[in-house]
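S.K.: One structure is given below, represented as structure tokens, and several questions about it will come after.
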Amino acid sequence: QVLSDVFNVPVFTIDTANSACLGSAYRAIHGLVAERNVSLADVVKLAPEPRLAVTPTPGAEELYRPLLKRYAELEQKVIYNPASSC
């Protein structure tokens, strides 16, 4: 629920163990075949069907939008000046 609220998007899951690893594997396969103009959508055609797990809580966007903006600013500060303290 937290991911859905913070990013204001629905979260889907698939019925498989280690789904994050599976996603990484699909991306790796896509990297191997991308020069042959194979899309990521083509690579994941055989993936299990995702299931809607949660949707954003109404009103959560107003809370998290300023925090995401601040996080992005701090991230840029670290990327462009890693020696500075935040």
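The values are calculated or read from the model by the stated rules, or taken from the named source; none is laboratory data. Because the structure is predicted, anything quoted here is derived from the model rather than measured. All Cβ positions, glycine included, derive from the backbone under ideal geometry; neighbour counts span all protein chains shown. Areas reflect the complete protein model, heavy atoms only, side chains present, ligands, DNA and RNA absent. Shrake-Rupley method; radii C 1.70, N 1.55, O 1.52, S 1.80 Å.
S.K.: Taking the Cα centre of segment 1-80 as origin, work out the dipole magnitude from +1 charges on Lys and Arg Cβ and -1 charges on Asp and Glu Cβ, in debye rounded to 20.
M.R.: 160 debye
S.K.: Would you calculate the separation in nanometres between label points at A47 and E62, each defined as 7 Å from the Cα along the Cα-to-beta-carbon direction?
M.R.: If labels sit at A47 and E62, their model points lie 3.4 nm apart.
S.K.: Let me ask something additional. Ignoring everything except DSSP H segments at least 4 long, calculate the 222 nm mean residue ellipticity for the chain; use -39,500 (n - 2.57) per segment, divide by total residues, nearest 500.
M.R.: -16500 deg cm²/dmol
S.K.: Using label points projected 7 Å from each Cα along Cα→Cβ, tell me how many nm separate E75 and L40, to one decimal.
M.R.: Output for this residue pair reads 1.5 nm.
S.K.: Long-range amide H contacts for A53: which residues qualify at under 5 Å (H placed 1.01 Å from N, peptide plane, sequence gap of 5 or more or a different chain)?
M.R.: V11, F12, T13
S.K.: Using a 1.4 angstrom probe, figure out how much accessible area segment 1-80 has per residue, in square angstrom, rounded to the nearest whole.
M.R.: 80 Å²
S.K.: Within a Cβ distance under 13 Å of I14, other residues only, what is the Lys/Arg minus Asp/Glu net charge?
M.R.: Value of the local net charge: -1.
S.K.: Can you send over the carbon and sulfur percentage of the accessible area for the chain, probe radius 1.4 Å, protein chains only?
M.R.: Reported share for carbon and sulfur atoms: 61 percent.
S.K.: For the pair V2 and H30, how long in nm is the line joining their label points, each one 7 Å along Cα→Cβ?
M.R.: Once both label points are built, they end up 2.6 nm from each other.
S.K.: Quick check: the angle from helix 19-33's long axis to the longest principal axis of the chain, C-alpha only, nearest 10 degrees?
M.R.: The helix 19-33 is inclined about 70 degrees to the chain.
S.K.: Given that compact globular proteins tend to follow 2.2 N^0.38 Å, what is the ratio of the alpha-carbon Rg of the chain to that value?
M.R.: This ratio for the chain stands at 1.47.
S.K.: Taking the Cβ of N81 as the centre, find all other residues whose Cβ is under 15 Å away and add up their charges (Lys, Arg: +1; Asp, Glu: -1).
M.R.: Counting the neighbours of N81, the net charge comes to -1.
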